[in-house]
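Below: the structure, in structure tokens.
The values are calculated or read from the model by the stated rules, or taken from the named source; none is laboratory data. Predicted, not measured: the structure shown is a model, and the values here were computed from it. A quick note on method: Cβ atoms are made from the backbone with ideal geometry, for glycine too, and the neighbour counts reach across all protein chains shown. With ligands, DNA and RNA removed, areas are computed over all heavy atoms of the protein, side chains included. Shrake-Rupley method; radii C 1.70, N 1.55, O 1.52, S 1.80 Å.
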Amino acid sequence: VDCSEEILIEGGTITLDVSADDAKGLKSDSLINMTGGSVVATVKGAGSKAMKADKGVVIRGGVLTAYLMAETPFQETDASSGEVNFSYNAAISCNQEITIQEEGKVIVEGAGIAAKGLNADANVNILGGALQLNLTGKHCVETTGDTTSVCGVKADHQVLMTSGFVDMTMGTDANASKGIKAEYVDIKGGTVSITNNGKYFSTSTTTTSSSSNPFGGGGRPGGGGSSTITTVNSTVAKAIKGDREVNIMGGTLVLKVPSGKGITCDSLITIGQKNGEDTDLSLTIVAGSQNESTYSNGGENNRTKYTCVPKGINCDGEVVINSGTLDITSYDTGIKGRYLTVNGGKISIWASYDQGLHGEYELTVNGGDILVSESYEAMEGIKMTFNGGVTSNYGKDDVWNCSKATTGSNNTIQLTVNGGYHYLKIIGSGDTDVIDSNGSFSFTGGVVIMETGSGSTLDCDGTKSFSGTPILMLFGEKTEGVPSGSDICNKMIKSISANTRYSAVVDNRVQASFTTTASASSLMYFAPGFPSFYSGGSVNNSKEVYFRSNENTTLTFSYDGTISNGSQITNVTSATASSMGGGAGGPGGW
């Protein structure tokens, strides 16, 4: 059907067999408006479409079912320039806007090469209704050298979703495919389920071997020997890709990408509304799989890496998380941005092979409830600032790592804790640090509790400052240095038992109380005032902060109450670097 004006479908059944190349089942130079009925289109022709309109397609009711089956793209050579243009199957194609709303439903299936479900030159609006896609076609390597892949919803400008249901699946042959792709992606409500099983292109692999270091090796400063570093660059499948912005403000989203990334963007990703609630949004992401190929990255931190470099959320610019409930499983980094800011939300991350949260240049935590249940390093950045929030961190190497591993930034390496409540635990062994700052460390407020069976609790290479009303509780073997000052308590207790409450009490009020999860050589306690210490007992009428353990239990920090039935600890000594087995500290050390 070829119409110069509007095509209106109100009822009945239309069956279309689109076998010719570069053909359209329903074509309008103006609008296609569907309010009821059924349209079933089998699209076999190369580059052909079920529906195509110049000005708009609106599906308000009825059901459009499209089977996309073309095995090759349509190729057309421009007579004047000689340029070869390629086109592919689509269920709906429009030069302007595509809208699904009210009771409209679109079903798209098939193995069409590089097929698109919805393809708009301007916007795609999902304001209700339902979109169901199952695309299993392959990608296409064009004669120009470009590669085009399968995409569920593609808009050159914006994809907007306010309500309705979206259910997408991409097959394993859909290499580097996308679920949703646009310049701007805005999801404010509705239910989204995207499973992208597409594989990745390995675009390049680089292996470098460093020469032997006569001053020692092992990769770390002061070590000796040589190392081999391998990097792999690849183009991967993605659930949601925004060129400029991705804004997820509401709804329920489940994104699964066994060989790629959940959400990616070049400039800005915003999750949740400012001052919003955790119940406003539910976002679940699973990126990567143990079934994928791996390589050894070599170098200082030699470990297994997944070739498809899976990430839950990844942005070349800024990531801001304001609210919502996020549950991320990633076989590489959980959340990564050049600048990463957490203002709120309940966030749970499993990222056993890399970082939980990585702000390449800056990582700032102002609020929220964050759990990194397993990671190589729970949090990392060049500049790390903690102003608030409750964080529960578990890492195999360093729990918080403040370093300049990322090139291209002039930022000074600086770790600052101004507030919030933070629990950090080493779950690995060897040369580990609970906090490792390759630059300065400033502690002006908040509470930090660290646990490690061995290794260092705090390693800082630069200047260190301790002021205000902070509390540090270090359960471990050693630390590099200790804070000092006339109003700073720096005490140490030897032989700390597991599953035992340890409390610091000032003027009969509990200043800090925590129950250990493991034994330690010592408890190092730094805070204003001069407390007495107790083991065991209970705390009454206290205020409490709840950390989350990596075993689905709760760890409680208590303060501002009274202690009862505790045993006062008498073998309390001054904490010094030498008595803890640590180094003498850096220049200007504590």
Legend entry - Every residue from the range 538-563 that is in a strand (DSSP E or B), open to solvent by 30 Å² or more (accessible area, probe 1.4 Å) and touching a residue at least 24 places away in the same chain (Cβ under 8 Å): Ser538, Asn540, Tyr546, Arg548, Thr556, Tyr559, Thr562, Ile563
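Only one residue in Thr148, Thr162 is farther than 20 Å from Leu68 by Cα and of a type in the set (Ser, Thr, Tyr). Which one? Before you say what the answer is, go through the steps one by one.
Details: Thr148 fails: farther than 20 Å from Leu68 by Cα.
Testing whether each residue is farther than 20 Å from Leu68 by Cα and of a type in the set (Ser, Thr, Tyr) leaves just Thr162.
Please work out if Thr15 is within 25 Å of Glu71 (Cβ to Cβ), open to solvent by 30 Å² or more (accessible area, probe 1.4 Å), in a strand (DSSP E or B) and modelled with pLDDT of 95 or more.
On the way: within 25 Å of Glu71 (Cβ to Cβ): yes; open to solvent by 30 Å² or more (accessible area, probe 1.4 Å): yes; in a strand (DSSP E or B): yes; modelled with pLDDT of 95 or more: yes.
So Thr15 fits the description; yes.
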Inset, instruction - Pick out the one residue from Glu102, Glu142, Glu97, Glu76 that is among the acidic types (Asp, Glu), within 18 Å of Ile7 (Cα to Cα) and touching a residue at least 40 places away in the same chain (Cβ under 8 Å). - result: Glu97
Inset, instruction - Report yes if some residue within the range 297-310 is closer than 25 Å to Val434 by Cβ, open to solvent by 10 Å² or more (accessible area, probe 1.4 Å), of a type in the set (D, E, K, R) and at pLDDT 95 or above; otherwise report no. - result: no
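I want to confirm something. Restricting to the range 311-327 and keeping residues that are closer than 16 Å to Ile370 by Cα and more than 12 Å from the chain's Cα centre (by Cα), which single residue is most open to solvent (accessible area, probe 1.4 Å)?
Top of the filtered list is Thr325.
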Inset, instruction - Name the one entry in Lys138, Lys154 that is under 24 Å from Ala46 (Cβ atoms), assigned to a strand (DSSP E or B) and open to solvent by 40 Å² or more (accessible area, probe 1.4 Å). - result: Lys154
Legend entry - Extreme residue, modelled with the lowest pLDDT, among residues of the range 221-260 that are open to solvent by 50 Å² or more (accessible area, probe 1.4 Å) and among the polar types (S, T, N, Q): Ser226
Inset, instruction - Give the number of residues within the range 354-371 that are open to solvent by 30 Å² or more (accessible area, probe 1.4 Å) and touching a residue at least 60 places away in the same chain (Cβ under 8 Å). - result: 1
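Every residue, every condition in (1) closer than 30 Å to Leu281 by Cα; (2) out of contact with any Leu (no Cβ under 7 Å at 6 or more places or on another chain); (3) open to solvent by 10 Å² or more (accessible area, probe 1.4 Å); (4) basic (Lys, Arg), yes or no:
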{"residue": "Glu76", "(1), (2), (3), (4)": "no, yes, yes, no"}
{"residue": "Asn89", "(1), (2), (3), (4)": "no, no, no, no"}
{"residue": "Ile98", "(1), (2), (3), (4)": "yes, no, no, no"}
{"residue": "Gly129", "(1), (2), (3), (4)": "yes, yes, yes, no"}
{"residue": "Gln132", "(1), (2), (3), (4)": "yes, yes, yes, no"}
{"residue": "Thr147", "(1), (2), (3), (4)": "no, yes, yes, no"}
{"residue": "Gln158", "(1), (2), (3), (4)": "yes, yes, yes, no"}
{"residue": "Thr162", "(1), (2), (3), (4)": "yes, no, yes, no"}
{"residue": "Met168", "(1), (2), (3), (4)": "yes, no, no, no"}
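Out of Gly468, Gly428, Gly462, which single residue is under 24 Å from Ile347 (Cβ atoms), open to solvent by 10 Å² or more (accessible area, probe 1.4 Å) and in a loop (DSSP other than H, G, I, E, B)?
Values: Gly468 fails: under 24 Å from Ile347 (Cβ atoms); Gly462 fails: under 24 Å from Ile347 (Cβ atoms).
Just one listed residue meets the conditions, Gly428.
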Legend entry - Sole exception among (1) within 28 Å of Val372 (Cα to Cα); (2) surrounded by fewer than 22 Cβ atoms within 10 Å (Cβ to Cβ); (3) at pLDDT 90 or above for Ala504, by number: (2)
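Residues to consider are Lys404, Lys336; find the one that is among the charged types (D, E, K, R) and part of a strand (DSSP E or B).
Criteria check complete, one pass: Lys336.
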Inset, instruction - Would you mind stating whether Thr457 is in contact with a Gly (Cβ under 9 Å, 6 or more places away or on another chain) and surrounded by fewer than 17 Cβ atoms within 10 Å (Cβ to Cβ)? - result: no
Inset, instruction - Take the residues in the range 100-120 that are open to solvent by less than 20 Å² (accessible area, probe 1.4 Å) and hydrophobic (A, V, I, L, M, F, W, C), then tell me which one is nearest to Asp173 (Cα to Cα). - result: Ala114
Legend entry - Boolean, Val43 is open to solvent by less than 40 Å² (accessible area, probe 1.4 Å), without any contact (Cβ under 8 Å) to a residue 40 or more places away in the chain and aliphatic (A, V, I, L, M): no
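Identify, from the list Thr407, Thr391, Thr416, Thr412, the residue that is open to solvent by 10 Å² or more (accessible area, probe 1.4 Å) and at pLDDT 90 or above.
Result: Thr416 is the single residue among Thr407, Thr391, Thr416, Thr412 that is open to solvent by 10 Å² or more (accessible area, probe 1.4 Å) and at pLDDT 90 or above.
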Inset, instruction - Considering each residue of the range 261-274, count those that are of a type in the set (D, E, K, R), open to solvent by 30 Å² or more (accessible area, probe 1.4 Å) and in a strand (DSSP E or B), and give that number. - result: 0
Legend entry - Subset of the range 492-519 that is part of a loop (DSSP other than H, G, I, E, B) and touching a Phe, Trp or Tyr at 6+ places or on another chain (Cβ under 8 Å) - its residue that is nearest to Val545 (Cα to Cα): Thr516
Legend entry - Scope the range 275-295; condition polar (S, T, N, Q), at pLDDT below 95 and open to solvent by less than 70 Å² (accessible area, probe 1.4 Å); matching residues: Ser289, Ser293
